[in-house]
Amino acid sequence: MDLGTNTFHLLIAKLKKPLPDYQPFEVIHKEKVAVKIGQGGISRGIINEQAQARMFEALRYFRLSLAEYNIPPGEVEAMATSALRSASNGALLAQKIKEEFGINIQIINGEEEAELIYYGVKAYMPIGNTPALIMDIGGGSVEFIIGTDQGILWKKSFEIGAQRLFDLFMQYDPIHPRDIARLRHYLAQELEELQAACRQYAPAYLIGSSGTFDTLKDIEEAQAGMHCTEITFSQFEKIHWQLLKKNRQERLRIPGMSEMRVDMIVVASILLHYVMQQAALPYMKVSLYALKEGVLFKKLNHLLTT
């Protein structure tokens with residue numbers, strides 16, 4: 001279970017036999033709920049009452065699925081990320097969840113989150129021997145990892161997730177050019193460590209995981225009329241400029257657009273465009289595995305080596 005800032009995910013899987021090199025689990029149940037626990041409070045460091053109500057409603061819904069598969073709540077691996085770790089009432093809410101649902105919530109730090117995302121990507125696809133930049137855009141934080149198939153070279157979590165950027169810079173819809181410039185200036189200040197790491201390790205391409213990248217892939221495939229294994233920077237730019245020029249209703253009409261992503265995809269796209277441009281990354285690939293699959297993969301590795 002991944003209790004993210006925007007979305008709660010439940011994943012139930014079993015190992016494939018014989019064990020393949022990639023995608024080693026068979027997903028038997030997968031669902032997500034747009035909870036948006038950061039809405040109206042993340043910029044003030046709190047999960048407000050409306051967000052708490054949505055959180056507990058989603059967990060009651062997940063409890064029905066756990067019962068269907070006879071999974072005791074105490075055996076669930078549940079990870080909470082940026083919104084809960086930065087909220088002053090995050091620990092209290094984790095305790096309330098334990099009392100009502102019997103689920104042990106692990107509020108993980110940014111470094112742990114980045115590592116688990118790396119394992120998720122590694123379980124899904126080969127990264128290669130040449131460094132790649134892995135990027136996961138959450139609602140509260142953004143994780144960057146530079147790594148190869150052999151391991152992690154550098155990792156860092158930044159508290160500049162899409163909900164935070166939306167609150168700070170999405171004053172108008174379509175977004176105003178002045179706010180785009182303000183956001184890019186803000187990113188230049190916040191991501192100095194990333195730029196230094198990219199200069200040091202020279203990643204060859206980008207791997208994106210989680211919802212923003214899934215949506216960009218769906219849009220590109222809808223526009224191209226075919227399955228794509230990678231998206232070039234120029235292909236992404238065409239989508240990017242559409243997102244900046246359109247308002248919410250117009251973005252919803254873009255083939256492949258997810259209603260769950262339609263609001264925050266604008267600032268997420270500006271962030272992605274800035275990163276790819278600064279690091280001169282020619283293309284991106286999309287991993288359909290992220291943090292929750294990384295938890296499974298790390299647990300699997302532990303079981304196989306002990």
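Condition first: among the hydrophobic types (A, V, I, L, M, F, W, C), open to solvent by 20 Å² or more (accessible area, probe 1.4 Å), more than 21 Å from Phe233 (Cα to Cα) and without any contact (Cβ under 8 Å) to a residue 24 or more places away in the chain. Can you find one or more residues in the stretch 260-270 that meet it? No. You will find that of Ala34, Ala58, the residue that is of a type in the set (Gly, Ala, Ser) and modelled with pLDDT under 95 is Ala34 and no other.
Would you check which residues across the stretch 70-89 are of a type in the set (D, E, K, R) and closer than 15 Å to Gln52 by Cα and list them? Of everything in the stretch 70-89, just one residue is of a type in the set (D, E, K, R) and closer than 15 Å to Gln52 by Cα, namely Arg85. Number of residues in the stretch 212-253 that are open to solvent by less than 10 Å² (accessible area, probe 1.4 Å) and touching a residue at least 24 places away in the same chain (Cβ under 8 Å): the value is 9. Considering only residues in the stretch 158-202 that are in contact with a strand residue (DSSP E or B) (Cβ under 9 Å, 6 or more places away or on another chain) and of a type in the set (D, E, K, R), the one that is nearest to Asn6 (Cα to Cα) turns out to be Glu159.
The residues of the stretch 70-91 that are over 22 Å from Gly161 (Cβ atoms) and open to solvent by 80 Å² or more (accessible area, probe 1.4 Å), listed by number, are Asn70, Glu75. In the set (1) in a strand (DSSP E or B); (2) open to solvent by less than 10 Å² (accessible area, probe 1.4 Å); (3) under 29 Å from Lys16 (Cβ atoms), Phe144 fails one condition alone, (3). The requirement of being surrounded by 14 or more Cβ atoms within 10 Å (Cβ to Cβ) and farther than 27 Å from Leu11 by Cα is fulfilled nowhere in the stretch 285-305; no residue meets it.
Which numbered condition trips up Leu64, out of (1) in contact (Cβ under 8 Å) with a residue 12 or more places away in the chain; (2) surrounded by fewer than 16 Cβ atoms within 10 Å (Cβ to Cβ)? The number of the failed condition is (1). In this structure, does Ala87 turn out to be in contact with a strand residue (DSSP E or B) (Cβ under 7 Å, 6 or more places away or on another chain) and of a type in the set (Gly, Ala, Ser)? Taking the combined requirement at face value, the residue does not satisfy it. Checked across the stretch 157-164, the condition of being open to solvent by less than 70 Å² (accessible area, probe 1.4 Å), at pLDDT 95 or above and in a strand (DSSP E or B) holds for at least one residue. Screening Glu112 on (1) under 25 Å from Gly208 (Cβ atoms); (2) outside any helix (DSSP H, G or I) shows it passes everything except condition (2).
Being over 20 Å from Asp149 (Cβ atoms) and at pLDDT 95 or above is a property that does not hold for Glu230.
Restricted to the stretch 198-211, and to residues that are assigned to a helix (DSSP H, G or I) and either touching a helix residue (DSSP H, G or I) at 6+ places or on another chain (Cβ under 9 Å) or aromatic (Phe, Trp, Tyr) (or both), which residue is surrounded by the most Cβ atoms within 10 Å (Cβ to Cβ)? Only one residue tops the list, namely Gly211.
The set of residues in the stretch 171-186 being part of a loop (DSSP other than H, G, I, E, B) and surrounded by fewer than 19 Cβ atoms within 10 Å (Cβ to Cβ) consists of Gln171, Tyr172, Asp173, Pro174, His176.
Considering only the stretch 225-237, state which residues are out of contact with any helix residue (DSSP H, G or I) (no Cβ under 8 Å at 6 or more places or on another chain) and either over 24 Å from Pro126 (Cβ atoms) or in a helix (DSSP H, G or I) (or both). Result: Gly225, Ser234. Of the residues making up the stretch 242-261, those that are more than 12 Å from Ile175 (Cβ to Cβ) and either at pLDDT 95 or above or in contact with a strand residue (DSSP E or B) (Cβ under 8 Å, 6 or more places away or on another chain) (or both) are Gln242, Gln249, Glu250, Leu252, Arg253, Ile254, Pro255, Gly256, Met257, Met260.
The values are calculated or read from the model by the stated rules, or taken from the named source; none is laboratory data. Predicted model only: the values in this text are computed from it and were never measured. When we count neighbours, we look across all protein chains shown, and the Cβ atoms used for this are built from the backbone with ideal geometry, even at glycine. Remember, those area values only see protein heavy atoms, side chains included, never the ligands or the DNA or RNA. Shrake-Rupley method; radii C 1.70, N 1.55, O 1.52, S 1.80 Å.
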